[in-house]
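The values are calculated or read from the model by the stated rules, or taken from the named source; none is laboratory data. Bear in mind that the values here come from a model prediction, so they are computed numbers and not experimental data. Neighbour counts run over all protein chains shown; Cβ positions are idealised from the backbone, glycine included. Note: accessible area is taken over every heavy atom of the protein model, side chains too, but ligands, DNA and RNA are not part of it. Shrake-Rupley method; radii C 1.70, N 1.55, O 1.52, S 1.80 Å.
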Amino acid sequence: MATETVWIFVGDSARLPSGVFRDQASAEKWIRRNRLSGCLGPFPVGLGTYDHAIAKNLFTPRKPHESEPSFIADFSPRMPHFHFEGGEPA
């Protein structure tokens, strides 16, 4: 079963996302129109990125701290992502 995906944009100096989109094309159109700088990437719906990475064999916890709540909360997904500067791909 395929996992539904949304595209999330986080600005360079932001701590939280500033846009969530159903598809990459809509996200990029918004980024270009507003001349934004930051990172755009796909995220699974209904599944944390930590669990998604494990399910897709993109990550395997090997050390005890890699299963701790603080590690899971700060987990950076090993998924493709795209950088933009002034609305253009970097």
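The number of residues in region 25-55 that are open to solvent by less than 60 Å² (accessible area, probe 1.4 Å) and closer than 15 Å to Glu88 by Cβ comes to 9.
Close contacts from region 63-74, counting a first residue that is closer than 16 Å to Ala53 by Cα and a second that is in a helix (DSSP H, G or I) and open to solvent by 90 Å² or more (accessible area, probe 1.4 Å), with Cβ to Cβ under 7 Å and a gap of 6+ residues or different chains, come to Phe71/His65.
Being modelled with pLDDT under 95 and in contact with a strand residue (DSSP E or B) (Cβ under 8 Å, 6 or more places away or on another chain) is the filter; apply it to region 1-12 and report the residue that is surrounded by the fewest Cβ atoms within 10 Å (Cβ to Cβ).
Looking at the filtered set, the residue picked out is Glu4.
Filter region 13-24 down to the residues that are touching a strand residue (DSSP E or B) at 6+ places or on another chain (Cβ under 8 Å) and either open to solvent by 50 Å² or more (accessible area, probe 1.4 Å) or part of a helix (DSSP H, G or I) (or both) and list them by number. Scanning region 13-24 gives Leu16, Pro17, Ser18, Val20, Arg22, Asp23, Gln24.
Here Gly46 passes the criteria (1) in a loop (DSSP other than H, G, I, E, B); (2) modelled with pLDDT of 95 or more; (3) in contact with an Asp or Glu (Cβ under 8 Å, 6 or more places away or on another chain) except the one numbered (2).
Within region 56-66, being open to solvent by 70 Å² or more (accessible area, probe 1.4 Å), part of a helix (DSSP H, G or I) and out of contact with any helix residue (DSSP H, G or I) (no Cβ under 7 Å at 6 or more places or on another chain) holds for one residue alone: Pro64.
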